[in-house]
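The values are calculated or read from the model by the stated rules, or taken from the named source; none is laboratory data. Keep in mind the model is a prediction, meaning the values are calculated, not measured. Heads up, the Cβs are rebuilt from the backbone with ideal geometry, glycines too, and the neighbour counts pull from every protein chain shown. All accessible areas refer to the heavy atoms of the entire protein, side chains included, with ligands and DNA or RNA removed. Shrake-Rupley method; radii C 1.70, N 1.55, O 1.52, S 1.80 Å.
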Amino acid sequence: FHACAVRANGRVVCWGANGNGQLGDGTLLDRRMPVEVVQIDDATQVSVGETHTCVLRRSGQVACFGQNNLGQVGDSTPSDRQRPTTVSGADDIVSIAAGRQHTCAVRANGGVLCWGANDKGQLGNGTMANSATPVSVGGLVDATGIASGLAHSCAVRASGDVSCWGNGTLGQLGDGATSDR
């Protein structure tokens, strides 16, 4: 119910629903017109989840804001954030993708980190436990890109192959099965 965009000058604007602070303007007011995210002037990418938003900064750090009850903001707390908060331990990031209540990021070394909801295995760490800080996706050391859906994520690998994890009940993982992994 919200959208965001990165401007050429590195600033981020968002609009739409803001009940959890997902617009990053320091308020909980819904906005019909774009408003600028506070404290961000060096963004290279933005990705929105259902009620949270994450921004990739030129420094390779990630800042998130909005609903945080399942760890979506990645700051080790369950508190919603109305302003960008740096994700603990997410350094050297080159790409991000927010799902409904989780986010994943590709590191410069090809590793993948995810945080937030994990009820379908969407964090890729072999558990179903939510995480309010980034966890490593098992077996991925050569990722070049990332995409996230409702409760699953997929990484493009250096070989061109794609690896997916999380909710697969409708075949989202692309391996012919209909189960979560």
Residue list for region 78-87, filter: over 20 Å from Gly111 (Cβ atoms) and either open to solvent by 50 Å² or more (accessible area, probe 1.4 Å) or at pLDDT below 95 (or both): Pro78, Ser79, Asp80, Arg81, Gln82, Arg83
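Scan Ala90, Ala108, Ala143 and give me the residue that is over 14 Å from Gly49 (Cβ atoms), over 12 Å from the mean Cα position of the chain (by Cα) and open to solvent by less than 60 Å² (accessible area, probe 1.4 Å). Even if it seems obvious, please write down each step before you answer.
Numbers: Ala90 fails: over 12 Å from the mean Cα position of the chain (by Cα); Ala108 fails: open to solvent by less than 60 Å² (accessible area, probe 1.4 Å).
Sole residue among the options that is over 14 Å from Gly49 (Cβ atoms), over 12 Å from the mean Cα position of the chain (by Cα) and open to solvent by less than 60 Å² (accessible area, probe 1.4 Å): Ala143.
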From Gly166, Gly160, Gly149, grab the single residue that is out of contact with any helix residue (DSSP H, G or I) (no Cβ under 9 Å at 6 or more places or on another chain) and open to solvent by 30 Å² or more (accessible area, probe 1.4 Å). Gly160
Filter region 70-85 for residues that are in contact with a Ser or Thr (Cβ under 7 Å, 6 or more places away or on another chain) and part of a strand (DSSP E or B) and give the result. Gln82
Please find, among Asn125, Asn130, Asn118, the residue that is closer than 12 Å to Gly71 by Cα and open to solvent by 40 Å² or more (accessible area, probe 1.4 Å). Asn130
Looking at region 158-169, is at least one residue within 20 Å of Gln45 (Cα to Cα) and out of contact with any Leu (no Cβ under 9 Å at 6 or more places or on another chain)? no
Condition check: polar (S, T, N, Q), under 30 Å from Asn109 (Cα atoms) and over 13 Å from the mean Cα position of the chain (by Cα). Does Ser47 satisfy that? no
